[in-house]
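**Student:** Okay, here's the structure, questions in a sec.
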Amino acid sequence: MKLHTISINNLKRRKAKMAFLTIGLMVGIATIVTLVTLTRSMSNDIERKMDEFGANILITPQSNGLSMNYGGISLGGVTFDQREIKEADLDKVRKIKNNKNISSISPKVLGGVKVGTHDVLLVGVDFAAELKMKQWWQIFGSEPKGDNEVLLGSDASNTLNATSGDNIEIKGEKFKVAGVLNQTGSQDDSLVFMALPKAQKVLGKEGKITMAEVAALCSGCPISDMVNQIAELLPDSKVSAIQQVVAGRLKALDQFKRFSYAMGSVVVFIGSLIVFVTMMGSVNERTTEIGVFRAIGFRKSHIMRIILLEAALVSLLAGILGYAAGMGGAKLALPFMAETKNAHLVWDATVAFGSIGLALLLGILASLYPALHASKMDPTEALRAL
Amino acid sequence: MAIIEMKNVKKQYQTGSDLVEALRGVDISIEAGEFITIMGQSGSGKSTLLSVLGGMNHPTSGEVEMAGVKLYQLKSEELADFRAQNLGFVFQSFHLIQYLTALENVMLPLAIVKMSTAAKREAARQALERVGLGAKTDRLPNQLSGGEQERVAIARAIVNNPHILLADEPTGNLDSKTSEEVMALFRQLNEAGQTVVMVTHNPENGAYSDRTIHLKDGLISA
């Protein structure tokens, strides 16, 4: 027989009341877990989507020349009065404070060339980085391997009348068309893609690039900060963010998050009130019992320990069940809330331990006054028979 | 040598605008090993006297000395410790904890004592055997008769070998045959050296004690 024997046996006896108490607190915890997990999973979903969108930071040369449109994005002048960025400068970008958020950097060199009788825009790219960034690209044929293979946009393929396996001639050199892009509806359709080092040589721009696209993955990270960090390192370049769409979504998510926390707080507050009222009722019901404990020599601290231990056990159970129910709720709700079908539920130990810890904290806090009230009961008042 | 010494103990209660004088200057001296019954009519102050003796009710004035300790000079928690180490209580309505078995009820005073669980179980089993309930240790209170519940309550009161056993109307809820058995048990415990102070309104119970103190209107009348 120890003090916890009394607590445990009392809980076993008052099953209905304790179940009510557990459910009250559990609902609060489950709501918090569901909302937190949903917002985290949705953030993750959007973060992944940002990756799929491709670049969200553009590095272009400062230019007063003619502007040219690339994928709906304004670039520096690329036709005549064209300036370049030193390729070596790109290494600096990898050293910015938020460098962990950089998914990939895709440098490009642009220049007009003649293929047969047609003027086309030649783009030198790092194929590995480009393909990682533009996952929506579909290639008929294969990816270019080596310096003497090129990739054609669908319009370029039609205009030049060349398809995968054919050869085209640029500045007297023969290049094999490794593949042709499926229609993208973007500027890419009319371009000729070549490996970056070769394109630099063909265009006479060794060690130089015209622009670079940076894919930054983050929902929480400040893209504007990253833009500033890059701009500081590359003072001669223009660094801009393409974040409006994502920022809009994140803002909506942030509002949802705030609403979730507010709603969760209200539910948890109600849960705590249920614990308080139930524990207070339980203490008042046990007046005689507490009187007996005091009469046979239990200290006030012993009484408090019995009551608080009961609260802790119930809260622990409510925390575990609340976490499980909350994750279940999040799993059911996620397909309706997320933007992509394959959004994953985020399993996070912080949420698991946090929710159980929160349940314990709330249960004990809400039981503190009832426990104090019980410990202060006058044994003679409690035992009216005496 | 007196184990209990009460000197000019007075207890007043304020109920609304009325001042009730439950004890109006009581002097009692009880020797170690004595069996005392305190008798009186309802409202005579006998229950108040017992609660003052039990260290649970501060007298308005006067002194209570028990086993050499001035009881009401102790702080609240020291008084609790004193009760745990020196006093055993038997209540009128038994006041057993309904969700604990007979054995667990008897072990209750030992829950706050540093002892191995096995030693606690053994002490409780022995106490139950002393009151003749060794075979029903695992029963819950509602599975026991009134007399058996009373015995469990007595076993709980003696499990920590208290100096003084305080009983409040222990036969109040029992039939006459069971009452006689319970009183015989108290006598038996007393003969084994236990000091017993019992409040009762049943004159027949007085026959089992060494001495009877009569209370009337908060004063000792005989």
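The values are calculated or read from the model by the stated rules, or taken from the named source; none is laboratory data. From a predicted model like this one, the values you see are computed outputs, not experimental measurements. Backbone-built Cβ (ideal geometry, glycine too); neighbour counts: all protein chains shown. Note: accessible area is taken over every heavy atom of the protein model, side chains too, but ligands, DNA and RNA are not part of it. Shrake-Rupley method; radii C 1.70, N 1.55, O 1.52, S 1.80 Å.
**Student:** Do you know which residues across segment B:9-60 are touching a strand residue (DSSP E or B) at 6+ places or on another chain (Cβ under 6 Å), in a loop (DSSP other than H, G, I, E, B) and at pLDDT below 90?
**Tutor:** The answer is B:Gly40, B:Ser44, B:Gly45, B:Gly54.
**Student:** Further question on the same structure: Can you tell me which of A:Arg305, A:Arg299, A:Arg294 is over 21 Å from A:Ser41 (Cα atoms), open to solvent by 50 Å² or more (accessible area, probe 1.4 Å) and more than 50 Å from the chain's Cα centre (by Cα)? Break it down stepwise before answering.
**Tutor:** Values: A:Arg305 fails: more than 50 Å from the chain's Cα centre (by Cα); A:Arg294 fails: open to solvent by 50 Å² or more (accessible area, probe 1.4 Å).
Going through A:Arg305, A:Arg299, A:Arg294 in turn, the sole match is A:Arg299.
**Student:** Residues that are part of a strand (DSSP E or B), open to solvent by 20 Å² or more (accessible area, probe 1.4 Å) and not charged (D, E, K, R): does segment A:180-196 have at least one? Full working, then the answer.
**Tutor:** Of segment A:180-196, the ones part of a strand (DSSP E or B) are A:180-181, A:191-195.
Then drop every residue that is not open to solvent by 20 Å² or more (accessible area, probe 1.4 Å), which leaves none.
No: segment A:180-196 contains no residue that is part of a strand (DSSP E or B), open to solvent by 20 Å² or more (accessible area, probe 1.4 Å) and not charged (D, E, K, R).
**Student:** Does at least one position in segment A:83-104 carry a residue that is surrounded by 15 or more Cβ atoms within 10 Å (Cβ to Cβ) and among the hydroxyl-bearing types (Ser, Thr, Tyr)?
**Tutor:** We begin by selecting, within segment A:83-104, every residue surrounded by 15 or more Cβ atoms within 10 Å (Cβ to Cβ); these are A:83-85, A:87, A:89-90, A:93, A:96, A:98, A:101-104.
Subset that is among the hydroxyl-bearing types (Ser, Thr, Tyr): A:103-104.
Yes: segment A:83-104 contains one or more residues that are surrounded by 15 or more Cβ atoms within 10 Å (Cβ to Cβ) and among the hydroxyl-bearing types (Ser, Thr, Tyr).
**Student:** For segment B:197-222, name all the residues that are more than 14 Å from B:Asp27 (Cβ to Cβ), open to solvent by less than 70 Å² (accessible area, probe 1.4 Å) and of a type outside the set (S, T, N, Q).
**Tutor:** Correct list: B:Val197, B:Met198, B:Val199, B:Gly206, B:Tyr208.
**Student:** So, in segment A:287-320, how many residues would count as being of a type outside the set (A, V, I, L, M, F, W, C), facing chain B (nearest Cβ under 9 Å) and assigned to a helix (DSSP H, G or I)? Give the derivation first.
**Tutor:** The initial filter retains those residues of segment A:287-320 that are of a type outside the set (A, V, I, L, M, F, W, C), namely A:287-289, A:291, A:294, A:297, A:299-302, A:305, A:310, A:315, A:319.
If we keep only those that are facing chain B (nearest Cβ under 9 Å) as well, we get A:288-289, A:291, A:294, A:297, A:299-302.
With assigned to a helix (DSSP H, G or I) added as a condition, the list becomes A:288-289, A:291, A:294, A:300-302.
Looking only at that region, the number is 7.
**Student:** Tell me, yes or no, whether segment B:29-42 has at least one residue that is among the small types (Gly, Ala, Ser), surrounded by fewer than 17 Cβ atoms within 10 Å (Cβ to Cβ) and touching a His at 6+ places or on another chain (Cβ under 9 Å). Working first, answer last.
**Tutor:** Filtering segment B:29-42 for residues among the small types (Gly, Ala, Ser) gives B:29, B:32-33, B:40, B:42.
Next cut, surrounded by fewer than 17 Cβ atoms within 10 Å (Cβ to Cβ) only: B:29, B:32-33, B:42.
With the extra rule that they be touching a His at 6+ places or on another chain (Cβ under 9 Å), the set shrinks to B:32, B:42.
Yes: one or more hits.
Yes/no matrix, rows are residues, columns are (1) among the small types (Gly, Ala, Ser); (2) touching an Asp or Glu at 6+ places or on another chain (Cβ under 9 Å); (3) at pLDDT 85 or above:
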site: A:Gln255; (1), (2), (3): no, no, no
site: A:Val275; (1), (2), (3): no, no, yes
site: A:Glu289; (1), (2), (3): no, no, yes
site: A:Gly319; (1), (2), (3): yes, no, yes
site: A:Lys331; (1), (2), (3): no, no, yes
site: A:Thr350; (1), (2), (3): no, no, yes
site: A:Leu358; (1), (2), (3): no, no, yes
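**Student:** Looking for something out of contact with any strand residue (DSSP E or B) (no Cβ under 8 Å at 6 or more places or on another chain), more than 25 Å from B:Glu180 (Cα to Cα) and either among the basic types (Lys, Arg) or outside any helix (DSSP H, G or I) (or both) - is there at least one such residue anywhere in segment B:123-135? Don't jump to the end; show me each part of the working.
**Tutor:** Of segment B:123-135, the ones out of contact with any strand residue (DSSP E or B) (no Cβ under 8 Å at 6 or more places or on another chain) are B:123-135.
If we keep only those that are more than 25 Å from B:Glu180 (Cα to Cα) as well, we get B:123.
Checking the rest, the ones that are also either among the basic types (Lys, Arg) or outside any helix (DSSP H, G or I) (or both) come to none.
Within segment B:123-135 (the criterion being out of contact with any strand residue (DSSP E or B) (no Cβ under 8 Å at 6 or more places or on another chain), more than 25 Å from B:Glu180 (Cα to Cα) and either among the basic types (Lys, Arg) or outside any helix (DSSP H, G or I) (or both)), the answer is no, since none of the residues qualifies.
**Student:** Can you work out which of the residues in segment B:140-164 that are away from chain A (no Cβ under 12 Å) and not in a helix (DSSP H, G or I) is least open to solvent (accessible area, probe 1.4 Å)? Let's see the steps before the verdict.
**Tutor:** Of the residues in segment B:140-164, the ones away from chain A (no Cβ under 12 Å) are B:143-152, B:154-155, B:161, B:163-164.
Next cut, not in a helix (DSSP H, G or I) only: B:144-145, B:161, B:163-164.
Working: B:Leu144: 17, B:Ser145: 60, B:Asn161: 116, B:His163: 92, B:Ile164: 0 Å².
Checked segment B:140-164; the qualifying residue least open to solvent (accessible area, probe 1.4 Å) is B:Ile164.
Let's see how each residue does on (1) polar (S, T, N, Q); (2) facing chain A (nearest Cβ under 8 Å); (3) in contact (Cβ under 8 Å) with a residue 40 or more places away in the chain; (4) open to solvent by 40 Å² or more (accessible area, probe 1.4 Å):
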position: B:Leu79; (1), (2), (3), (4): no, no, no, no
position: B:Leu96; (1), (2), (3), (4): no, no, yes, no
position: B:Leu103; (1), (2), (3), (4): no, no, no, no
position: B:Gln126; (1), (2), (3), (4): yes, no, no, yes
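**Student:** Here is a follow-up. Do we have any residue at all in segment B:170-186 that's open to solvent by 50 Å² or more (accessible area, probe 1.4 Å), away from chain A (no Cβ under 11 Å) and within 16 Å of the chain's Cα centre (by Cα)? Even if it seems obvious, please write down each step before you answer.
**Tutor:** Taking segment B:170-186 first, the residues open to solvent by 50 Å² or more (accessible area, probe 1.4 Å) are B:173, B:175-177, B:180-181.
Filter again for away from chain A (no Cβ under 11 Å), leaving B:175-177, B:180-181.
Imposing the further condition that a residue be within 16 Å of the chain's Cα centre (by Cα) reduces the set to none.
No.
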